[in-house]
1. Which residue pairs have Cβ atoms closer than 7 Å, lie 6 or more positions apart in sequence or on different chains, and pair a first residue in region 49-64 that is closer than 18 Å to GLY130 by Cβ with a second residue that is surrounded by 15 or more Cβ atoms within 10 Å (Cβ to Cβ) and not aliphatic (A, V, I, L, M)?
2. How many of the residues making up region 500-528 are part of a loop (DSSP other than H, G, I, E, B) and either surrounded by fewer than 14 Cβ atoms within 10 Å (Cβ to Cβ) or modelled with pLDDT of 90 or more (or both)?
3. Answer yes if at least one residue in region 228-249 is at pLDDT 90 or above, crowded, with 19+ Cβ neighbours inside 10 Å, assigned to a strand (DSSP E or B) and not assigned by TED's automatic domain parsing to the domain that holds VAL349, and no otherwise.
4. Which residue out of SER250, SER238 is in contact (Cβ under 8 Å) with a residue 60 or more places away in the chain and within 30 Å of GLU341 (Cβ to Cβ)?
5. State whether the residues of region 290-304 include one that is of a type in the set (A, V, I, L, M), surrounded by 17 or more Cβ atoms within 10 Å (Cβ to Cβ) and within 14 Å of SER359 (Cβ to Cβ).
6. With in the same structural domain as TRP239 (by TED's automatic domain parsing) and of a type in the set (Phe, Trp, Tyr) as the only criterion, which of PHE257, PHE307 stands out?
7. Does region 370-422 hold any residues that are closer than 27 Å to LYS523 by Cα, in contact (Cβ under 8 Å) with a residue 12 or more places away in the chain and of a type in the set (A, V, I, L, M), and which are they?
Amino acid sequence: MDMQTKEETKDLEKLYAETLHKVERGGITKGRIISVKSEVVVVDVGYKSEGIIPVSEFTEEELSGFKEGDYVEVFVEKINDREGIVILSRDKASKIMAWETLTSAYNSNSRVEGKVVGKTKGGLFVDIKGMKAFLPSSQIDIKVVKDMDSYIGQAMEFRIIKIVPPKGYSGILGNQGASIIVSRRAIVEEERNIKKEETLKVLKEGSVLKGIVKNITDYGVFVDLGGIDGLLHISDISWRRVNHPSEFFSVGDEKEFIVIKYDEGTEKVTLGYKQRKPDPWFSVDEKYRIGMKLKGKVVSIADYGVFVEVEDGLEGLVHVSELDWALRPKHPSKYVSVGDEIEAAVISVNKDERKLSLSIKQMMPKPWDMVGEHYKVGQKITGKVKTITDFGAFVRLPEGVDGLIHISDLSWIKHIKHPSDALKKGQKVDAVILSLEPDKERMALGIKQMTTDPWQNEIPVKFKLGDEFKGHVLRITDFGIFVELEGGVEGLVYSSEIDSSKEVKEGDEIWVRIIKVNVEERKIGLSMKNLKSGAVE
């Protein structure tokens, strides 16, 4: 081994002197990794002794990825020439550089990236390059934030609105004495203003713009057009009837809208959505003719009828009376449901009043036409009593039409004061068709015609003048007493023929004598006087 010359020794001492001048306690320098040990990382910072950094200042990922020769920024904490020790810190170097970066960003009013890491009273905590900053709730967004928890974990850009550096490097480690306040709202406002400038360049009445639905109310939809909001009123959503805007839109939807009106002074924008397509009512009378059959979708049901969409934006109404041929149709919901595809016939078109009337029953055979084909006079039918009136009873046939049994056609022999005395609602009855007029939707029925008329031969033969019979008192009136004789035949004891010596009440059995038989008027006159002695008992 050659001995060093005096000149070489001087050069080496000079190099060490220069190195000592560069590597000073409290400064930041770049160091080259020599090795990674169990407790420390050995770093060469150009000093006569190598420096060490505790492994706790590195992540496991960093430690496993280090290789000899890699460079890291370090802070020189301590230099001990006697012991040949140089203590370095990666954390302090990072924080010093972070503060320099943040201070520079604050002075230049530039953006910084950070991650929301927690929530505190009045705002959120943000980590920016390892430094904790405070984001006030009022600076999160331009709108009121109701759920701050949803921001935790999100990375986003901020602007520093206040910064107070720590006192000396010793305070950097714990961020003590330091204060950083940031704003995301400033970024949102800046971006919104940029978008607004771009939007204003193309914003004019009649223009078509893309927008994002940001809020939905009962009366309309608020749309973000890019830095400026517009209102879409419920009446401008569709050419058809709209119950609520939520039928068409959800928050976050991106759609195209037409600018109907724009006020530059107030920056108020009125939007249209239905105007993207022509008004279908303009040509409704050309496309739809009376009698035309079409298909549609049930979109709404009311007590008075069913609304059917026949094309986009065009609805027709099937009135409740046009749902069924029945005289009293059921509730519309008993026939169809929302979403059903149906067929209907056009029965009227009114362009000016924007009304399209449809019929479902016109698609079905008319019941009276069916009755005209399947029934004839003299035919026997079976039906149920549907309605009872003072003059008769209506009987419902299987086809859904009603025939009338007049009170005079209920019985050959009984004097019926009211149809309810002989029939009950819902009662099943057999009857004969007496007359049939399908074109006038009329049918007359008779119950008594189911049997032979007893007045033609039976009654005149059985009840002869002078004959005496026992009967039941049915009714007592001012002009006489009605008595039921054999076979249900009724007769009247004239008031002048009542035996005043006898007290008579309804339900009593009394003997009477035939004093009159009028076949044409179908009346039998009776008397309680001049009875045979045998009948008195």
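1. What qualifies is ILE53/SER89; ILE53/ARG90; GLU57/SER89; GLU57/ARG90; GLU57/ASP91; PHE58/ARG90.
2. The qualifying residues number 13.
3. Yes, because at least one residue in region 228-249 is at pLDDT 90 or above, crowded, with 19+ Cβ neighbours inside 10 Å, assigned to a strand (DSSP E or B) and not assigned by TED's automatic domain parsing to the domain that holds VAL349.
4. From the options SER250, SER238, the qualifying one is SER238.
5. yes
6. Of the residues listed, the single one that is in the same structural domain as TRP239 (by TED's automatic domain parsing) and of a type in the set (Phe, Trp, Tyr) is PHE257.
7. ILE388, ALA393, LEU404, ILE405, ILE407, LEU410, ILE413, ALA422
A quick yes/no check of all residues on (1) under 17 Å from GLU190 (Cβ atoms); (2) in a strand (DSSP E or B):
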{"position": "LYS115", "(1), (2)": "no, yes"}
{"position": "LYS119", "(1), (2)": "no, yes"}
{"position": "VAL126", "(1), (2)": "no, yes"}
{"position": "LYS132", "(1), (2)": "no, yes"}
{"position": "LEU135", "(1), (2)": "yes, yes"}
{"position": "LYS143", "(1), (2)": "yes, no"}
{"position": "SER150", "(1), (2)": "no, no"}
{"position": "MET156", "(1), (2)": "yes, yes"}
{"position": "ILE161", "(1), (2)": "yes, yes"}
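The values are calculated or read from the model by the stated rules, or taken from the named source; none is laboratory data. In this text, all values refer to a predicted model and were calculated from it rather than measured experimentally. Note that we place each Cβ from the backbone using ideal geometry, even for glycine, and neighbour counts take in every protein chain shown.
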